[in-house]
1. Provide a single number: the residues in the range 52-83 that are farther than 27 Å from Arg194 by Cβ and not hydroxyl-bearing (Ser, Thr, Tyr).
2. Do we find that Ala43 is open to solvent by less than 60 Å² (accessible area, probe 1.4 Å), at pLDDT 90 or above, small (Gly, Ala, Ser) and within 16 Å of Asp94 (Cβ to Cβ) in this structure?
3. Return the only residue of Arg211, Arg221 being modelled with pLDDT under 90 and open to solvent by 30 Å² or more (accessible area, probe 1.4 Å).
4. Would you point out the residue of the range 46-70, among those that are farther than 17 Å from Val110 by Cα and under 14 Å from the mean Cα position of the chain (by Cα), that is least open to solvent (accessible area, probe 1.4 Å)?
5. Could you please find all residues in the range 44-72 being small (Gly, Ala, Ser), in contact with a Pro (Cβ under 9 Å, 6 or more places away or on another chain) and closer than 15 Å to Val114 by Cα?
6. How many residues does the range 141-152 hold that are under 13 Å from the mean Cα position of the chain (by Cα) and open to solvent by 10 Å² or more (accessible area, probe 1.4 Å)?
7. Quick one: is Lys171 out of contact with any Asp or Glu (no Cβ under 9 Å at 6 or more places or on another chain), under 16 Å from Arg253 (Cα atoms) and open to solvent by 40 Å² or more (accessible area, probe 1.4 Å)?
Amino acid sequence: MDYAATILAKLPGAPKRDRGLRHLVETLETYLPQDAVQDVIRAYEFGAAAHDGQTRKSGEPYISHPVAVAQELADMHLDAQAITAALLHDTVEDTEASLEDIAEQFGDEVAGLVDGVSKLDQIQFRSRAEAQAESFRKMMLAMIEDIRVILVKLADRLHNMQTLGAMPAEKRSRIARETLDIYAPIANRLGINRFKVLLEDLGFKHLYPMRYRVLDKALKRSKGNQRQMVKKITEEFERALAQEGITGQVIGREKHLYSVYKKMSEKKRLLSDVVDVFGFRVDVDNVNDCYTVLGLVHGLYK
C-alpha cells in the first residue's frame, strides 16, 4: 500500500466526503516529506470538523472548496504552510475556530497566512474606477507581508469562479467584474499566466454570458477551418529548427476568449478582422538560440 493510501486509511469516510483529498495527498507526496504531508492531513481534519454541516451553494460539503484551493497551490509545489493555510483559510471567517486555535495547532506562520487572507477579504472598493486603478492593486499588494497570502487568495478566487454558476445573477455579475478588474491583473503582474487566463475567461463568461457564448461558438467554427494551417506552420518551424541544429519545442495555441474579446472591443473590430486568433510559442534552451529562432521566424513569415 502506498503512503497516500496508508494515511488516508486513517480518515474513515474522508475520501467519500471529498474525492479531491486523495488527489491532493498524492500530489503533495511527490515533493513534500512525509511529516509535512501528515501536517496537511491534520489541517484537513481540523477544517473538515470546523466546517462540518456547512455546504456550498452547489450543495457540496464546504470542505471541498478549501481542498480545491489547496490543490491549485500543490500543483504549483508551494510549501506545507501555504497548503495548510489554504485548507484553513475560511475557518476564522465562517466557523467558530479562532486565529489563536490555528496558531496553537499549526504555528504562527500558518496563522499569519490565514489572517492575511481574511484581511484581503475585508477590502472593499468604492467604485469600479477605483477597482480598475493601478494604485488600488498596488495598495492590495503592499499590505501583504507574505506573497503566499495573495497566492492563496488567487487560488480561492479561481475556484469560486469555477463554481459561480450556483450564485444568483446579480452576485455573479459583481464577482465577475471584481475578478476582471482586480484579481486577473494581479495574477498578470505576478506572472502567473494560468491564473490570469482562467480568471479572465471565467470573468468574461459570467459578466457577459451572451457575448461569451457567441464568441466561443464563432472561434470553435473558425478553429475547425484553421487547424490544418496551425499544423502546417508548426511543422515549418520544426523543420527550420532541425536544419539549424537547434533543440526546441514548437507549440501552436489558440488565444483565450477574453483576449480576443478585448481586442475586438478596444479596436472596434469584427472577429473576422482579428487575425491573431492563434499564436505560436517556440521554447529553446538558451538566449542565443532564442535570437536565432527569431531570425528564422522572420525569414519564414513576414
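1. Taking the range 52-83 and keeping what is farther than 27 Å from Arg194 by Cβ, we get 52-55, 59.
Okay, now just the ones that are also not hydroxyl-bearing (Ser, Thr, Tyr), so 52-54, 59.
Of the residues in the range 52-83, 4 are farther than 27 Å from Arg194 by Cβ and not hydroxyl-bearing (Ser, Thr, Tyr).
2. Values: open to solvent by less than 60 Å² (accessible area, probe 1.4 Å): yes; at pLDDT 90 or above: yes; small (Gly, Ala, Ser): yes; within 16 Å of Asp94 (Cβ to Cβ): yes.
Yes: the conditions hold for Ala43.
3. That would be Arg221, the only listed residue that is modelled with pLDDT under 90 and open to solvent by 30 Å² or more (accessible area, probe 1.4 Å).
4. Restricting to residues being farther than 17 Å from Val110 by Cα and under 14 Å from the mean Cα position of the chain (by Cα), the top hit is His65.
5. Within the range 44-72, Gly47 is the sole residue that qualifies.
6. Looking only at that region, the number is 1.
7. Details: out of contact with any Asp or Glu (no Cβ under 9 Å at 6 or more places or on another chain): yes; under 16 Å from Arg253 (Cα atoms): no; open to solvent by 40 Å² or more (accessible area, probe 1.4 Å): yes.
Criteria not met by Lys171.
Quick grid of which residues meet (1) modelled with pLDDT of 85 or more; (2) surrounded by fewer than 13 Cβ atoms within 10 Å (Cβ to Cβ); (3) not hydrophobic (A, V, I, L, M, F, W, C):
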site	(1), (2), (3)
Lys263	no, no, yes
Lys268	no, yes, yes
Ser272	no, yes, yes
Asp289	yes, no, yes
Thr292	yes, no, yes
Leu300	yes, yes, no
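The values are calculated or read from the model by the stated rules, or taken from the named source; none is laboratory data. Please read these numbers as outputs of a predicted model, since none were measured by experiment. All Cβ positions, even for glycine, are placed from backbone atoms using ideal geometry, and neighbour counts span all protein chains on display. Ligands, DNA and RNA are stripped out before the accessible areas are found, and what is left, the full protein with its side chains, is counted by its heavy atoms. Shrake-Rupley method; radii C 1.70, N 1.55, O 1.52, S 1.80 Å.
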